[in-house]
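Remarks on the structure that follows.
The values are calculated or read from the model by the stated rules, or taken from the named source; none is laboratory data. This is a predicted model, so every value here is computed, not measured. Cβ coordinates were reconstructed from backbone atoms using ideal geometry, including for glycine residues, and neighbour counts include every protein chain displayed. Ligands, DNA and RNA are excluded from the accessible area calculation, which covers all protein heavy atoms including side chains. Shrake-Rupley method; radii C 1.70, N 1.55, O 1.52, S 1.80 Å.
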Amino acid sequence: MTSPKLNKILIVPIYPVDFSLVLTLVPSIREIFKCDVILDNTNHLNLSSAYDSSRYQFNSTKIISILSEKFNNFNGKVLGVISVDLFIPVLTYVFGEAQLGGKISVVSTFRLNEIAYGFQENRKLTEERLLKEAVHELGHNFGLLHCENYLCVMHPSTSVEEVDIKSPYFCNDCYEKLFWQISSKFNDYHDGK
Ligand SMILES: [Zn+2]
Ligand SMILES: [Zn+2]
């Protein structure tokens, strides 16, 4: 298989967020996507326009627009990681959202933390859940749709229990599609050589 090294993933902590939690994503995402992964901790975004004061939540689609404007010139995928509660108008909440086949995605730790369900924090579990939802949203960025295999990371999750059932990895079918995407892009760069 050709090297997919020309793909880059930028991870952007959006404050307030637990930075050490975001940091745990870097080696795992690098391993799963076989991409360069960069953590950009220098951008402090103003999300006030994404806040809905009647729901006490942030509109994830608006956060995606804010990220999209800010990272307009970045050549790769951009994953924002945040700790506030996210929604899209038709749903009570979302764990994250992504532009299908696009550049930007966002994921929140809010409902991945046991504290949200009245339990004590379980750090390891939050890390595992965050990785699964981050890989899922990035999968959408690489053009992958939802998968019926309930162990596959592209299986949709409407509750945290469903997040816990699936793995952080792609099933064989999704993995093939992902690497076809990544390596076809690689070949584009080498056209005419
Ligand atoms: Zn999805
Ligand atoms: Zn799959």
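Here are a few things to note about the model shown:
- Here the contact order of the chain, divided by its residue count and restricted to Cα pairs under 8 Å and six or more residues apart, works out to 19 percent.
- Cα long-axis angle, helix 123-141 against the chain (0 to 90 degrees, to the nearest 10): 50 degrees
- Legend: residue pairs Lys77/Lys132; Lys34/Lys132; Lys70/Lys177; Lys70/Lys124, Cα-Cα distance threshold 24 Å; pairs beyond threshold, Lys70/Lys177; Lys70/Lys124.
- Total charge dipole magnitude, the range 1-104, about the Cα centre, Cβ charges on Lys, Arg, Asp, Glu only, Debye to nearest 20: 320 debye
- Note on Lys62 and Tyr169: their simple-model spin labels are 4.0 nm apart, each label 7 Å out from Cα toward Cβ.
- Compared with the dominant Cα axis of the chain, that is its longest principal axis, helix 60-70 is turned about 50°.
- Placed amide H near Thr109: partners under 5 Å, 5+ positions off or other chain: Ile82, Ser83, Val84
- Here His44 sits with roughly 120 square angstrom of accessible surface, probe radius 1.4 Å.
- Solvent accessible area, Å² - Tyr150, 1.4 Å probe, full protein context: 140 Å²
- Global form of the range 1-118, assessed from the alpha-carbon gyration tensor, a/c cut-off 1.5: prolate
- What you get for the chain, charging only the Cβ of Lys and Arg (+1) and of Asp and Glu (-1), is a dipole of about 500 debye around the Cα centre.
- Isolated Cys in the chain, by beta carbon distance under 4.7 Å: Cys35, Cys174
- Extending 7 Å from the Cα toward the beta-carbon at both Glu31 and Asn73 defines two label points whose distance is 3.5 nm.
- The range 94-166, relative contact order [Cα under 8 Å, separation at least 6], %: 31 percent
- The length gained on full extension between Ser159 and Leu91, counted as 0.36 nm times the residue separation minus their Cα-Cα distance, comes to 23.3 nm.
- The chain - percent of accessible surface contributed by carbon and sulfur, probe 1.4 Å: 54 percent
- Taking all protein chains as they are arranged and a probe of 1.4 Å, the heavy atoms of Thr109 leave approximately 10 Å² accessible to solvent.
- For the chain, the solvent-accessible area with a 1.4 angstrom probe is 51 square angstrom per residue.
- Fully extending the segment from His146 to Ser183, taken as 0.36 nm per residue of separation minus the present Cα-Cα distance, adds 11.2 nm.
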